[in-house]
Every structure is written in structure tokens, then in C-alpha cells.
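These notes concern the structure reproduced below.
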Amino acid sequence: MDQGRLRELADQATVRLLNKPDTVDPVKKRATIFGWISNACQGAGFTAFGFYLPVILVVAGVGVSSSGNITGTNLVTALIYVLATISGFIAPLMLPRIGHRGLAMSSWLRAC
């Protein structure tokens with residue numbers, strides 16, 4: 001797909017999302033595209049993290065007993081997910097203080 005066709009599809013999607021038949025605000029268009037890319041990256045990152053975290057913990061010996069029982073690893077993984085869930089609820093509460101741009105920048109910097 002060439003860039004012109006992609007831009008045309010993005011314009012059509014933006015017009016449909018914003019219910020503005022004739023005008024496309026370039027700031028809202030960029031924000032929409034940023035949101036799509038950010039959500040796709042977040043999904044890919046979470047999938048990789050969720051799959052490899054137990055493997056990494058077992059290889060590192062975290063939570064593994066001498067008999068090879070990995071119950072401790074499962075508990076550590078569950079604790080990490082609980083902390084991630086709490087962070088997911090706290091981040092929107094911080095949004096008015098640091099703004100969308102600050103939240104996006106801090107998230108991207110932590111990911112790098």
C-alpha cells in the first residue's frame with residue numbers, strides 16, 4: 001500500500017471517528033494515528049512480556065524450589081501482574097497533573 005492511499009484511508013477514518021464531514025484537524029489526526037500505533041505496540045509488548053516472564057523467572061531460579069516446583073514462580077508472576085493492574089488504574093488519575101504528552105513521553109522512555 002502506497003503512502004498516498006494510506007493517508008487517504010487515515011483521513012477517511014478520522015472523518016468517520018470525529019463526525020466532521022468536510023474538515024480534518026491535523027492535530028487530532030496525528031493524535032489518532034499515535035493512539036493506534038501506541039496501542040498496537042502496547043499489545044505486542046504485553047504479549048511478549050506475559051509469555052517470557054515465567055520463563056525468565058524459572059531460568060533465573062526465582063521461586064523455584066529444590067524439588068523443581070514452580071509454584072513460587074507463579075506467585076511472583078501474579079504479584080507482578082497485580083502491581084501492573086494497580087499502575088493501570090493509577091496512571092489515569094495522574095493524567096491531569098502530568099498531561100497526555102508527559103504520560104506518553106514517560107511511557108515511551110521507560111519502554112526504551
Check: Among the numbered criteria (1) surrounded by 11 or more Cβ atoms within 10 Å (Cβ to Cβ); (2) over 23 Å from residue 103 (Cα atoms); (3) not charged (D, E, K, R), which single criterion is violated by residue 45?
Finding: (2)
Checklist line | Residues being modelled with pLDDT of 80 or more and β-branched (Val, Ile, Thr) - total across segment 1-46 | finding: 4
Next item on the list: Only residues in segment 90-109 that are closer than 13 Å to residue 35 by Cα count as the first member; pair them with residues that are loosely packed, with under 10 Cβ neighbours inside 10 Å and at pLDDT 75 or above, Cβ under 8 angstrom, at least 6 apart or cross-chain, and list the lot.
Entry: none
Check: Quick one: is residue 51 aromatic (Phe, Trp, Tyr) and loosely packed, with under 12 Cβ neighbours inside 10 Å?
Finding: yes
Item checked: The lone exception for residue 34 - which of (1) exposed (fewer than 12 other Cβ atoms within 10 Å of the Cβ); (2) within 21 Å of residue 103 (Cα to Cα) it fails -> (1)
Note to self: Out of the residues in segment 65-112 meeting the condition of being assigned to a loop (DSSP other than H, G, I, E, B) and among the hydroxyl-bearing types (Ser, Thr, Tyr), tell me which one is surrounded by the most Cβ atoms within 10 Å (Cβ to Cβ).
What the structure shows: 65
Checklist line | Neighbours by Cβ (under 9 Å, 6+ apart or cross-chain): first from segment 1-16, closer than 11 Å to residue 33 by Cβ and assigned to a helix (DSSP H, G or I); second β-branched (Val, Ile, Thr) and modelled with pLDDT of 75 or more | finding: 10/32; 10/33; 13/32; 14/32; 14/33
Notebook entry, point to check: Here are some conditions: (1) within 26 Å of residue 105 (Cα to Cα); (2) modelled with pLDDT of 80 or more; (3) in contact with a helix residue (DSSP H, G or I) (Cβ under 8 Å, 6 or more places away or on another chain). Residue 58 meets all but one. Which one does it not meet?
Noted result: (1)
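The values are calculated or read from the model by the stated rules, or taken from the named source; none is laboratory data. Worth saying up front: this structure is predicted, and the values here are computed from it rather than measured. Backbone-built Cβ (ideal geometry, glycine too); neighbour counts: all protein chains shown.
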